[in-house]
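Visitor: Mind looking over this structure? Questions follow.
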């Protein structure tokens, strides 16, 4: 059995500004897409932008090494300002074909160099 890791603390997370930039540029593109019936369901708490932002956030934060750690981080106060609801592993069984990568390329997300 592997060594148990310490829980991720909010002060270990970085790149909040890039996450906000991503939301500002991609959200209009997502809203322009035709919604599916499941996206319009009133019981829905997470939307495409929440999933895409969480994937990006995980890539930008090396302390997030698994889906479980991403789900843990989704409960922190600052992440709750960015995402509509905390995640569970089951939430990531969705996909949104036709949205990426073309739309993100159109959004001209600046790369850090």
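Throughout, read-outs are computed from the coordinates displayed, never taken from laboratory work. Being a predicted model, the structure only gives us computed values, none of them experimental. Cβ: placed from backbone, ideal geometry, glycine included. Neighbour counts: every protein chain shown.
Visitor: For region 1-84, list log₁₀ I(q)/I(0) at each q in 0.24 Å⁻¹, using the Debye formula over Cα point scatterers of equal strength and ignoring solvent, two decimals each.
Guide: So the normalised log intensities work out to -1.22.
Visitor: Exposure proxy check: 49, 10 ranked by fewest other beta carbons within 10 Å?
Guide: Details: 49 20, 10 11.
Listing 49, 10 from fewest to most nearby Cβ atoms yields 10, 49.
Visitor: Going by C-beta contacts inside 10 Å, put 82, 63 in order with the fewest on the left.
Guide: Numbers: 82 18, 63 14.
Starting with the residue having the fewest Cβ neighbours, the order is 63, 82.
Visitor: If r is the Cβ-Cβ distance from residue 59 to residue 84 and R0 is 35 Å, what FRET efficiency results, to the nearest 0.05? Display every interim value, and only then the final one.
Guide: Details: r = 20 Å, r/R0 = 0.57.
Computed FRET efficiency for residue 59 and residue 84 comes out at 0.95.
Visitor: Quick one: 4, 33, fewest Cβ neighbours within 10 Å first, how do they rank?
Guide: Ranked by crowding around the Cβ, least crowded first: 4, 33.
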